[in-house]
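Colleague: Can you read through this structure? Questions will come right after.
The values are calculated or read from the model by the stated rules, or taken from the named source; none is laboratory data. All values derive from a computational prediction rather than experimental measurement. Here the Cβ positions follow ideal geometry from the backbone for every residue, glycine too, while neighbour counts run over all protein chains shown.
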Number of protein chains: 2
Amino acid sequence: MTCYRGFLLCSCRCVAGGRAAATARRCPLGGVPAESAGPRLGGVGGGGRRHLGHGRHSQACELEGGGGGGCPAGGFRPARVVVVAKTTRYEFEQQRYRYAELSEEDLKQLLALKGSSYNGLLERHHIHTKNVEHILDSLRNEGIEVRLVKRREYDEETVRWADAVIAAGGDGTMLLAASKVLDRFKPVIGVNTDPERSEGHLCLPVRYTHSFPEALQKLYRGEFRWLWRQRIRLYLEGTGINPIPVDLHEQQLSLDQHSKALNSTRIHDQRSEVSGPQLLPVRALNEVFIGESLSSRVNYKSCKPSFTFSIHRASYYEISVDDGPWEKQKSSGLNLCTGTGSKAWSYNINRVATQAVEDVLKIAKQQANLDLPLNKELVEKVTNKYNESLLYNPEEPKMLFSIREPIANRIFSSSRQRCFSSKVCVRSRCWDACMVIDGGTSFEFNDGAIASIMINRDDALRTVLLEQ
Amino acid sequence: MTCYRGFLLCSCRCVAGGRAAATARRCPLGGVPAESAGPRLGGVGGGGRRHLGHGRHSQACELEGGGGGGCPAGGFRPARVVVVAKTTRYEFEQQRYRYAELSEEDLKQLLALKGSSYNGLLERHHIHTKNVEHILDSLRNEGIEVRLVKRREYDEETVRWADAVIAAGGDGTMLLAASKVLDRFKPVIGVNTDPERSEGHLCLPVRYTHSFPEALQKLYRGEFRWLWRQRIRLYLEGTGINPIPVDLHEQQLSLDQHSKALNSTRIHDQRSEVSGPQLLPVRALNEVFIGESLSSRVNYKSCKPSFTFSIHRASYYEISVDDGPWEKQKSSGLNLCTGTGSKAWSYNINRVATQAVEDVLKIAKQQANLDLPLNKELVEKVTNKYNESLLYNPEEPKMLFSIREPIANRIFSSSRQRCFSSKVCVRSRCWDACMVIDGGTSFEFNDGAIASIMINRDDALRTVLLEQ
């Protein structure tokens, strides 16, 4: 009983009175059987709302995630859209000095001192802002109700309110937008608002940045398909946070830490509260990275360059892949990515440089006495083929786990540096480590904590693939 | 006018009345011309001290660092030694919960909850402590005045007091010991106090851990040579610290930050205090690493796993190698190491896994139609030869700079991923980055700051190479 069949057969327009409506199938987009659907052209909310968004009336739709490939979707006509806009570098710098009440001229000079270009930052800011306005205008012209938010105002309530989420920025803004969408029903669409500065892998093709109405029309006509980007979920168990972190290298505990330390009841609570596995309220669109954080405290007492004694360590942990035997490891960290994330940090961890390939081939030529024409063309071809093999389809429900800078010495052994898996369990032996989800959310992950990491198709992110 | 010649000709015993003393050469070890040297067998300090340590009377000795090669040193007989001992994991855990006034039994249970073995930690602690006692006994038996310190009590005054520094722990303890020795006169000697758990690359061979008197005798008899480990110095200039760091993703500034932010006079100071290049009071024995730190704030409000929205970013910077043209780059960070450090983090950044070598050779075989017997033996041989080429002599006055996980895309180009250099200048374009020296000391290194990084032979660390 799939919606894809519904899409195919009825084109799922579900417009009241439309021919397709006669088929009266349960349709995720229609939400309500067509005969009872009233026309909806945006407008205010309130009672009696029926609309053409998907899932609002919670049809328990059996969506087949991960592999709808090639199958066109029916039209999609959201009535309410939240636009999440990125914060530009210019805005960041303004906010940074906000309390000092700097004039624009002050800010300009300060940035110049640091070697930053005020004019450059302002230019990028204007380009972004203009492109956001274009999106907002396009939506309002269609009678769509729009909310514009930045990071701070973007929350679960807003996501619930909206029929769809548009991320106006770059890939980072897409990650932010996805971070509040924890199921696979609400579409998230990215628009690259500064194509000259931003890769926009997760965004619509660049042409739609300046002609967003065209993208909207294609959505309405169903000239797109849903791209189900698989995501990673995490279960965490163990003793969780150490409520009394101590930096051994500080001269003294800070007052705050000291008072917590004296609160010994928390220690007792901890001992009776060894938690069972908790499903964390996040889904990784790109990757989960586990490693020691750089602990540092900064000394503000002088304007001189400050320095403090801090720790940067390798990560110790034990790992079990696909319910295999536990293995002790030491490295710079672990990276578990999705197909989407295989183009991101994972790619940078695993890719080889032409320099390395050339050196490997030189040594092999010598060692095996090869008749090998070591020219630049061959080296580049081999390098590119190797690096391409690191990427895979975002819709594939598998993780690629990579050990970053494995440390192999007398004490620790290392096995395969990289491989696909369905499930990975990691037990922390670290002093001050964390799990970082999509470079944006971090969880403490210290000695004794155990994470179970896997892909579940229920968590896929519903995104849009527009035909060119 | 080299001491090495002095060492060769007079065996540099400089014992009062000894035949060698007649040569009355300026000798770094003797410190005082032999005829006026009185016997010194340890004992209390005070006036009229003359002794057999080196450099105490500041003979302006032209020590040729970096390349004393096979040349034996004269005997070395320190009168005062500071022993810097590491803090064991067991001690760390004790201190961590100190304020909660846990009993040993409490601590044991708490560790068990976290999956740590209390007994295991205690065992390593005892092994280390026993080996430290052995060192102390050996020194005192020779009438040497000894001070035992841990990290917190180890300071410049203690270094000035001592004739030599012994690091009792692992490589980390050697780095700690070296961090307070900023010239090339004071010998630093490492003893590995837990050879089963610690690599000890920078320490004496493991056999001396249990027979330290043997090492002392060799020192006295000159049956060793000085190993001059080159180190890296850093100059920093620019606008330095941003006195008002703002975490854009926090709901509000902390009270502390808020009050600093209101202090606008600091902003004005900053503008008038663009600092010229300052030589930082550190010398990197292993490496300088530059990169974005993981900014995170931890929520202590509940015992549940805490998470906060934080940033982990790639590092943006501009780099000029050996006074070459400036180049924009984006990566996970930069690593500049010494010969000593080429075995450390640099090695882990640059080494290839057999898996990668095998894949490269497979692809090359296919692309170039090679007659290549791809067996495990060849792959391992090529892998080992490649990885060995990453190491070089600690006495060579050159840096190896590596770009960690270079990011090459439409926006940023990347050049050579790794190369030797004499001097590297880096200009930060980062939001929240730092320079980390030997994994232990960090400096803020944000947008606008410029670091000049180089090796100067004056900064070499004087260590001991004992013949086996």
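Yes or no, residue by residue, for (1) in the same structural domain as A:Cys425 (by TED's automatic domain parsing); (2) modelled with pLDDT of 60 or more; (3) closer than 30 Å to A:Arg229 by Cβ; (4) of a type in the set (Asp, Glu):
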residue	(1), (2), (3), (4)
A:Asp256	yes, no, no, yes
A:Glu287	yes, yes, yes, yes
A:Ser295	yes, no, no, no
A:Ser306	yes, no, no, no
A:Asp322	yes, yes, yes, yes
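Colleague: Also, quick follow-up: For the range B:355-398, enumerate the residues that are touching a residue at least 24 places away in the same chain (Cβ under 8 Å) and assigned to a helix (DSSP H, G or I).
Modeller: B:Val357, B:Val379, B:Glu380, B:Val382, B:Thr383, B:Tyr386, B:Asn387
Colleague: Among all residue pairs at least 6 apart or on different chains, which show Cβ distances below 6 Å where the first residue, located in the range A:417-437, is under 12 Å from A:Leu336 (Cα atoms) and the second is among the acidic types (Asp, Glu) and not in a strand (DSSP E or B)?
Modeller: A:Ser421/A:Asp322; A:Ser422/A:Asp322; A:Lys423/A:Asp322
Colleague: Out of A:Glu358, A:Glu377, A:Glu395, I need the residue that is farther than 30 Å from B:Val282 by Cα, more than 27 Å from the chain's Cα centre (by Cα) and buried (at least 17 other Cβ atoms within 10 Å of the Cβ). Which one?
Modeller: When all the criteria are applied, what remains is A:Glu358.
Colleague: Filter the range A:399-421 down to the residues that are of a type in the set (Lys, Arg) and either modelled with pLDDT of 95 or more or not in a loop (DSSP other than H, G, I, E, B) (or both), then identify the one that is surrounded by the most Cβ atoms within 10 Å (Cβ to Cβ).
Modeller: So, considering only residues that are of a type in the set (Lys, Arg) and either modelled with pLDDT of 95 or more or not in a loop (DSSP other than H, G, I, E, B) (or both), the one surrounded by the most Cβ atoms within 10 Å (Cβ to Cβ) is A:Arg404.
Colleague: Let me ask another. Look at A:Ser117 and say whether it is within 19 Å of the chain's Cα centre (by Cα) and within 14 Å of chain B (Cβ to nearest Cβ).
Modeller: no
Colleague: Could you list, in sequence order, all residues of the range B:317-342 that are surrounded by 21 or more Cβ atoms within 10 Å (Cβ to Cβ) and within 10 Å of another protein chain (Cβ to nearest Cβ)?
Modeller: Passing the criteria: B:Lys330, B:Ser331, B:Ser332.
Colleague: Got a sec? Which of A:Lys330, A:Lys365 is over 19 Å from A:Ser389 (Cβ atoms) and in the same structural domain as A:Ala284 (by TED's automatic domain parsing)?
Modeller: Unique residue meeting the criteria: A:Lys330.
Colleague: Turning to a different aspect of this structure: Quick test for you: out of A:Ser452, A:Ser442, pick the one residue that is touching a Pro at 6+ places or on another chain (Cβ under 8 Å), of a type in the set (Ser, Thr, Tyr) and either facing another protein chain (nearest Cβ under 10 Å) or not in a loop (DSSP other than H, G, I, E, B) (or both).
Modeller: Testing whether each residue is touching a Pro at 6+ places or on another chain (Cβ under 8 Å), of a type in the set (Ser, Thr, Tyr) and either facing another protein chain (nearest Cβ under 10 Å) or not in a loop (DSSP other than H, G, I, E, B) (or both) leaves just A:Ser452.
Colleague: Residues being within 23 Å of A:Phe420 (Cβ to Cβ), within 9 Å of chain A (Cβ to nearest Cβ) and not hydroxyl-bearing (Ser, Thr, Tyr): count how many of those fall in the range B:343-361.
Modeller: 9
Colleague: Here is a follow-up. Give me the helices (runs of 4 or more DSSP H) completely within the range A:145-237, filtered to those with at least 2 residues that are out of contact with any Lys or Arg (no Cβ under 7 Å at 6 or more places or on another chain) and surrounded by 24 or more Cβ atoms within 10 Å (Cβ to Cβ), ordered by residue number.
Modeller: The helices (runs of 4 or more DSSP H) meeting that bar are A:171-179.
Colleague: Given the residues B:Lys328, B:Lys365, B:Lys398, which is the only one that is of a type in the set (Lys, Arg) and closer than 30 Å to A:Asp371 by Cβ?
Modeller: B:Lys365
Colleague: Scan the range A:77-92 residue by residue and report those that are part of a loop (DSSP other than H, G, I, E, B) and either in contact with a helix residue (DSSP H, G or I) (Cβ under 7 Å, 6 or more places away or on another chain) or of a type in the set (Asp, Glu) (or both).
Modeller: A:Arg77, A:Lys86, A:Thr87, A:Thr88
Colleague: State which residue is modelled with the lowest pLDDT when the search covers only the range B:455-468 and only residues that are assigned to a strand (DSSP E or B) and not β-branched (Val, Ile, Thr).
Modeller: Here the residue is B:Leu466.
Colleague: Sticking with this one: May I ask you to list the residues in the range B:314-346 that are among the acidic types (Asp, Glu) and outside any loop (DSSP other than H, G, I, E, B)?
Modeller: Scanning the range B:314-346 gives B:Glu318, B:Glu327.
Colleague: Here's something else I'd like to know. Mind checking whether some residue in the range A:63-73 is modelled with pLDDT of 50 or more and either crowded, with 20+ Cβ neighbours inside 10 Å or not in a loop (DSSP other than H, G, I, E, B) (or both)?
Modeller: Yes: one or more hits.
Colleague: Among the listed residues A:Arg207, A:Arg152, A:Arg147, identify the single one that is of a type in the set (Lys, Arg) and within 20 Å of the chain's Cα centre (by Cα).
Modeller: A:Arg152
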